[in-house]
Amino acid sequence: QFKGNKLQFEFNSSLLDSINSASASLLEGNLARVNQELENAKTLLSKRNQAIRFADTTGWTAVEEYESDELADGSKVE
């Protein structure tokens, strides 16, 4: 119902997808895929933490504007 909740749900779902994929790949013995999914999870968490720190100083509206600009120009923040 609320935009913030939706964004957090989507983030949590993406993170869970990476963890589930890493677990399945581990069972298959595909360690390269496990590493790839763990790196993806780390990237997701780092980006979310960066957004939280940014929001603490500027507010969530600025974060939303920054992220929409980032998507529009194809930039990648690590």
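Observations on the structure shown:
- Computed FRET value (nearest 0.05) for LYS6 with THR58, which takes r as the C-beta separation and R₀ as 30 Å: 0.90
- Based on DSSP H segments of at least four residues, each scored -39500 (n - 2.57), the chain has a per-residue ellipticity at 222 nm of -30500 deg cm²/dmol.
- Solvent-accessible ranking of ARG53, ARG48, ARG33, largest area first, probe 1.4 Å: ARG53, ARG33, ARG48
- Positive minus negative residues near SER18 (Lys, Arg vs Asp, Glu; Cβ under 10 Å): -2
- Neighbourhood net charge (12 Å Cβ-Cβ; Lys/Arg +1, Asp/Glu -1) for LYS3: -1
The values are calculated or read from the model by the stated rules, or taken from the named source; none is laboratory data. Note that the structure is a prediction, hence the values are computed from the model and not measured. So basically every Cβ, Gly included, is an ideal-geometry build from the backbone, and we count neighbours across all protein chains shown. Keep in mind that these areas ignore ligands, DNA and RNA; they rest on the heavy atoms of the full protein, side chains included. Shrake-Rupley method; radii C 1.70, N 1.55, O 1.52, S 1.80 Å.
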